[in-house]
1. β-branched (Val, Ile, Thr) and under 17 Å from VAL142 (Cα atoms), is that true of VAL84?
2. I'd like to check something: does segment 324-332 contain any residue that is modelled with pLDDT of 95 or more, in contact with a Lys or Arg (Cβ under 9 Å, 6 or more places away or on another chain), closer than 20 Å to LEU247 by Cβ and of a type in the set (Val, Ile, Thr)?
3. Is it the case that GLY217 is farther than 23 Å from ALA54 by Cβ, surrounded by fewer than 19 Cβ atoms within 10 Å (Cβ to Cβ) and among the small types (Gly, Ala, Ser)?
4. Looking at the structure I just gave you, is ALA306 small (Gly, Ala, Ser), more than 24 Å from PRO227 (Cα to Cα), open to solvent by 20 Å² or more (accessible area, probe 1.4 Å) and without any contact (Cβ under 8 Å) to a residue 60 or more places away in the chain?
5. Looking at (1) in contact (Cβ under 8 Å) with a residue 40 or more places away in the chain; (2) in contact with a strand residue (DSSP E or B) (Cβ under 7 Å, 6 or more places away or on another chain); (3) open to solvent by 10 Å² or more (accessible area, probe 1.4 Å), can you tell me which one PRO104 breaks?
6. Looking at segment 270-299, I want the residues that are more than 22 Å from ILE315 (Cα to Cα) and have a partner that is hydroxyl-bearing (Ser, Thr, Tyr) and at pLDDT below 95 with Cβ atoms under 8 Å, at least 6 apart or on another chain. Which pairs are those?
7. Conditions first: (1) open to solvent by less than 10 Å² (accessible area, probe 1.4 Å); (2) touching a Gly at 6+ places or on another chain (Cβ under 6 Å); (3) not polar (S, T, N, Q). TYR384 passes all but one, so which condition is the exception?
8. Taking the criterion of being within 30 Å of ALA415 (Cα to Cα), modelled with pLDDT of 95 or more, open to solvent by 20 Å² or more (accessible area, probe 1.4 Å) and of a type in the set (Val, Ile, Thr), would at least one residue in segment 344-366 satisfy it?
Amino acid sequence: MARTLKSGMSAESKLSIQESVQQTVRGIISDIRTRGDAALRELSQQFDGWSPPAFRLTQAQIEAAVAQVPPEQLASIRFSLAQVQTFARAQRASIQDVEIQTIPGVTLGHRVLPMNSVACYVPGGRYPMVASAIMSVATAKVAGVGRVVAVTPPKDGQPYPATVATMHLSGADEIYIMGGVQALAALALGTESIAPVDMLVGPGNAYVAEAKRQLFGQVGIDLLAGPTETLIIADDSVDAEMVATDLLGQAEHGTNSPAVLLTTSERLANEVPGEIERQLKTLATAEVAGQAWRDYGQIILALDDAEMVRVADEIASEHVQILTRDPDYFLKNMTNYGSLFLGPETNVAYGDKAIGTNHILPTGRAARYTGGLWVGKYLKTVTYQRATREASVIVGRHTSVICGIEGFAGHQRQADLRVERFSQGTPDPVGAAD
């Protein structure tokens, strides 16, 4: 049976933090709903020190931001953009409209339609998440969304040029500089100056995730992408340096980012804590990564690969990195994860930035019931049906029986009317009017 050698924060402490976040978010959303732009401006000044003449950037401001980004950075942004677009186009091509005849005279079908408008939130607090603009905006445009709004908080009191440039290159139709819960609430509810959208997408901290949860229903959401999670599955074929590097590489996202090692190697389990402490001495983001490891890091020792699959599926982590002799065993057998990184040749940072899969992934064990952001999240499948008069009689008779069983008299009359008219050869009133 698997043994936990290092535990993270207690469930009680996590619940207390979550309740505090919920209360704060509820108050901000209520304020935006009641006071609109005035609340947005006050909250933006309070949290970001930012109160510009307008939150939406003009074309001139966007062009000026692009001009500030060094050419070598633009080249890497374009590389990442091309990889994400290529994979997204392949995904979009796999989703097709359908039309079939189920019985003679009955035609059923579905159409795959993009959302009319979405808002893509790009985090920019501690780190300006340039790649998130590609993941959300570019994928929405490949899906065919008509109005794609990109929003990000200011960095050091100004729009961050590289993020603005990436939003623009990815195809954003509107770019706003505003952050956090107040930005999502304004875009979901609408204000005097901001037209509401149909869906919110994008990653963020616990407050952003909670805002999406509370706003769901008013708008759609992609998923609840909260603090970054990473799970490394390893055996004795990998060394402690690589494992520690990859754990800390994700722990630096935030002080509440879980980083878990699940291993069959007792040697590795014993060596990794010391290696982490060694690397923290020189890591530029050690203050954040170190606290995340202390509060949310775990080490779990399992008996064999089968037990690692069982434990990993229970954890249902956002990112799962496989550092074992047989990575394909986990690809074939695991079912609950946001994205798998197979073998030492790839890692979560590749997926986060440039390899082409989407880095907006389910957290908080949501991988049990959903995947990450992809073109399909921006699409809705809507159905239609048509029938000949002869087929309407057949379907109507069965519909009438089922309506009788359920007690739906009005439904039953709808069916019976068609049976009466079309079985007697009464002209179709719809067809006669054409």
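1. When the stated conditions are applied, VAL84 passes them.
2. Just the residues of segment 324-332 that are modelled with pLDDT of 95 or more, to begin with: 324-332.
From what's left, in contact with a Lys or Arg (Cβ under 9 Å, 6 or more places away or on another chain): none.
No; the residues of segment 324-332 include none that is modelled with pLDDT of 95 or more, in contact with a Lys or Arg (Cβ under 9 Å, 6 or more places away or on another chain), closer than 20 Å to LEU247 by Cβ and of a type in the set (Val, Ile, Thr).
3. Working: farther than 23 Å from ALA54 by Cβ: yes; surrounded by fewer than 19 Cβ atoms within 10 Å (Cβ to Cβ): yes; among the small types (Gly, Ala, Ser): yes.
Criteria met by GLY217.
4. Working: small (Gly, Ala, Ser): yes; more than 24 Å from PRO227 (Cα to Cα): yes; open to solvent by 20 Å² or more (accessible area, probe 1.4 Å): yes; without any contact (Cβ under 8 Å) to a residue 60 or more places away in the chain: yes.
In short, yes.
5. Looking at each condition in turn, PRO104 falls short on (2).
6. As it stands, the answer is VAL288/THR255, since those pairs meet every condition given.
7. Just one mismatch for TYR384, condition (1).
8. Of segment 344-366, the ones within 30 Å of ALA415 (Cα to Cα) are none.
No, there is no match, as no residue in segment 344-366 is within 30 Å of ALA415 (Cα to Cα), modelled with pLDDT of 95 or more, open to solvent by 20 Å² or more (accessible area, probe 1.4 Å) and of a type in the set (Val, Ile, Thr).
The values are calculated or read from the model by the stated rules, or taken from the named source; none is laboratory data. It should be emphasised that the depicted structure is a prediction, and the values quoted were computed from it without experimental measurement. Counting neighbours? That spans all protein chains shown, and the Cβs are built from the backbone with ideal geometry, glycine included. The area values use the complete protein model at the heavy-atom level, side chains included, leaving out ligands, DNA and RNA. Shrake-Rupley method; radii C 1.70, N 1.55, O 1.52, S 1.80 Å.
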